[in-house]
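Engineer: There's a structure below that I have some questions on.
The values are calculated or read from the model by the stated rules, or taken from the named source; none is laboratory data. A quick note: this is a predicted structure, and the numbers were derived from the prediction, not measured. Note: ideal-geometry Cβ built from the backbone for every residue, glycine included; neighbour counts use all protein chains shown.
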Amino acid sequence: MSRDPHAVARPHDVTPGPPGGTLQHLSRSSRRQFLVAIAGVIAGAAGAIRPLWATARIRRGDPKHPTPRPGITAANVLPDSELVEYPAAKTAFEAVREIPQIVDGIRCNCGCADIPGFYSLLSCYEGAGMARICEICQGEGRLAARLFKSGKTLDEIRASIDARYG
Amino acid sequence: MRRVEVWMLVAASVAALPAVGQAQVRASERGGAFQVVNGTTITVEYSRPAVRGRANMFGGQIPWGEVWTPGANWATTLEVDHNVSINGHPVRKGKYSVWMDVQPAEWTVILDPRARMFHIAHPKPDSMQVRFPVTPSDVQGADLLIWSFPAVSPTGTTLQMAWAGKSVSLQITVPPVEIPAVVAAVGERYVGKYRLWWGKETNQSELSLAAANGRVTGSWSGAPFKVWSDVTLVPVAENWFHIGAMVDGSLYDVVTDVVFEFVVVDGKATGFDIRGPNDNVIGHGTRIE
């Protein structure tokens, strides 16, 4: 693809806001804070901390889309060899590999956007491969690719994604 | 002893302690219930007292004339994210503490906009409050106080509190949600008859669309669900629609997981794809008239 997605990025296209969840229950006592912190470290080491999904803040319809990272590629998108057990997801991964610079400018609406390490819809197709099992991630990827092929700009694609999945 | 070893000893000692924050058991544990009705969310949060063998709760443990919160500890709260009416009384969007003036026959429900109040506050009458009478019913069981939504309709829900042999039902009516209007000239694009399949290409049916009064409505013969015989297209974006089922002339169900994407050529729809949540085509329509 020859189009430059940065040409359509707007100043308001900021990265997602701060992750949810604050340590509101810490005691005022510094000693107790210390004990809590130490207990947390030990509990974490023992695997007692709840999984990220249990604490992720679901925020549907958030219009804040990320700015595509300069030079982003599909190098980290899971290869087909990682999709053998997920044949229904294969076409979505193929679509996303063709337009990483667009997909990196889209915020996912499935609820994963607040997970630490998540940057954009592209993140759903990397690492743990959330998009292998998530209909929303797959749908947004396929839709983005379809719209891009039909000549839509990143902003237009974002608007359509928000209308459909927001 | 070296400093590192001291810290390791401290860490090991701490590991043996119970985790801070565990000792939070309450006799009346916190609970809650929420219900969405046509885009309005109604949320009740409360602490849940149990009768635990106590006799003569209303008129005894809770004296007649007491302004009681149907819960325990911090007052029960009711939150609505749109203006609603409860038993015919307008209630503005917001969060309220909930109280009941308990009398032998008729009780008075009190919604106080000061949501964070302790149960012994017993708020006095105030112009900010919403107050209306209710008649409690006898109910079996309900040892543990419960708020629930036993009935839901497209226009509202029943919110019910039950405890200690008594229940109070509140009829909540939510504001209707208007379907965005479709400009007449745009609506005309879609008017006509379409042959379509849904799920499998062998599942053939026909959809006839008409446009009037800012709406595109249709008659779907052979619809996959009987309730979709009469439909309204709910605009999502240009040439994109959700399908809404109409029952007795009222919108009954809008299927937001599925989108009808029309293809328009020279100002007229030639057909449409029906796409599921993963954007795959799960149906297709072709204009035949």
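Engineer: Select from segment A:100-118 the residues that are at positive phi and crowded, with 24+ Cβ neighbours inside 10 Å and list them in ascending order.
Structural biologist: none
Table: residues versus (1) within 30 Å of residue B:97 (Cα to Cα); (2) out of contact with any helix residue (DSSP H, G or I) (no Cβ under 8 Å at 6 or more places or on another chain); (3) assigned by TED's automatic domain parsing to the domain that holds residue B:31.
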{"position": "B:123", "(1), (2), (3)": "yes, yes, yes"}
{"position": "B:126", "(1), (2), (3)": "yes, yes, yes"}
{"position": "B:148", "(1), (2), (3)": "yes, yes, yes"}
{"position": "B:206", "(1), (2), (3)": "no, yes, no"}
{"position": "B:214", "(1), (2), (3)": "no, no, no"}
{"position": "B:222", "(1), (2), (3)": "no, yes, no"}
{"position": "B:227", "(1), (2), (3)": "no, yes, no"}
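Engineer: Separate question: Quickly run through segment A:137-155 and pick out the residues that are over 12 Å from residue A:89 (Cβ atoms) and either aliphatic (A, V, I, L, M) or touching a helix residue (DSSP H, G or I) at 6+ places or on another chain (Cβ under 9 Å) (or both). Break it down stepwise before answering.
Structural biologist: Step one: filter segment A:137-155 for residues over 12 Å from residue A:89 (Cβ atoms), giving A:140, A:143-155.
Across segment A:137-155, the qualifying residues are A:140, A:143, A:144, A:145, A:146, A:147, A:148, A:149, A:152, A:153, A:154, A:155.
Engineer: Within segment B:193-248, which residues are over 16 Å from residue B:275 (Cβ atoms) and among the aromatic types (Phe, Trp, Tyr)?
Structural biologist: Those that are over 16 Å from residue B:275 (Cβ atoms) and among the aromatic types (Phe, Trp, Tyr): B:220, B:225, B:228.
Engineer: When segment B:272-288 is examined, which residues are found to be surrounded by fewer than 19 Cβ atoms within 10 Å (Cβ to Cβ) and at the interface with another protein chain (Cβ under 8 Å from one of its Cβ atoms)?
Structural biologist: B:276, B:280
Engineer: Is it the case that some residue within segment A:137-150 is surrounded by fewer than 21 Cβ atoms within 10 Å (Cβ to Cβ), small (Gly, Ala, Ser) and within 14 Å of chain B (Cβ to nearest Cβ)?
Structural biologist: There is at least one residue in segment A:137-150 that is surrounded by fewer than 21 Cβ atoms within 10 Å (Cβ to Cβ), small (Gly, Ala, Ser) and within 14 Å of chain B (Cβ to nearest Cβ).
Engineer: For segment B:212-240, enumerate the residues that are free of Cβ contacts under 8 Å to residues at least 40 places away in the same chain, hydrophobic (A, V, I, L, M, F, W, C), surrounded by 15 or more Cβ atoms within 10 Å (Cβ to Cβ) and over 12 Å from residue B:190 (Cα atoms).
Structural biologist: Once the filter is applied, which keeps residues that are free of Cβ contacts under 8 Å to residues at least 40 places away in the same chain, hydrophobic (A, V, I, L, M, F, W, C), surrounded by 15 or more Cβ atoms within 10 Å (Cβ to Cβ) and over 12 Å from residue B:190 (Cα atoms), segment B:212-240 yields B:220, B:223, B:228, B:231, B:236.
Engineer: Show me the strands (runs of 3 or more DSSP E) entirely contained within segment B:172-276 in which 3 or more residues are charged (D, E, K, R).
Structural biologist: B:200-212, B:250-265, B:268-275
Engineer: Right, another one. What residue, of B:88, B:60, is of a type outside the set (Phe, Trp, Tyr) and either within 23 Å of the chain's Cα centre (by Cα) or surrounded by 12 or more Cβ atoms within 10 Å (Cβ to Cβ) (or both)?
Structural biologist: Every option except B:88 fails the conditions.
Engineer: When residues of segment B:239-274 are filtered for being modelled with pLDDT under 95 and among the charged types (D, E, K, R), how many remain?
Structural biologist: Of the residues in segment B:239-274, 3 are modelled with pLDDT under 95 and among the charged types (D, E, K, R).
Engineer: Just give me the residues in segment B:255-273 being without any contact (Cβ under 8 Å) to a residue 60 or more places away in the chain and within 21 Å of residue B:189 (Cβ to Cβ), in sequence order. Before the answer, list the steps.
Structural biologist: Just the residues of segment B:255-273 that are without any contact (Cβ under 8 Å) to a residue 60 or more places away in the chain, to begin with: B:255-261, B:263, B:265-266, B:270, B:273.
Selection gives B:258, B:259, B:260, B:261, B:263, B:265, B:266, B:270, B:273.
Engineer: Here is a further query. Determine whether residue B:208 is farther than 15 Å from residue B:262 by Cα and at pLDDT 95 or above.
Structural biologist: Numbers: farther than 15 Å from residue B:262 by Cα: no; at pLDDT 95 or above: yes.
It is false that residue B:208 is farther than 15 Å from residue B:262 by Cα and at pLDDT 95 or above.
Engineer: Go through segment B:1-33 and give me each residue that's within 14 Å of another protein chain (Cβ to nearest Cβ) and either at pLDDT 95 or above or in a helix (DSSP H, G or I) (or both).
Structural biologist: B:6, B:7, B:8, B:9, B:10, B:11, B:12, B:13, B:14, B:15
Engineer: Identify, please: which residue in segment B:87-141 is out of contact with any strand residue (DSSP E or B) (no Cβ under 6 Å at 6 or more places or on another chain) and acidic (Asp, Glu) and is, among those, nearest to residue B:175 (Cα to Cα)?
Structural biologist: B:126
Engineer: Oh, and also: Out of all the residues in segment A:105-136, which are acidic (Asp, Glu) and within 13 Å of chain B (Cβ to nearest Cβ)?
Structural biologist: Answer for segment A:105-136, where residues must be acidic (Asp, Glu) and within 13 Å of chain B (Cβ to nearest Cβ): just A:135.
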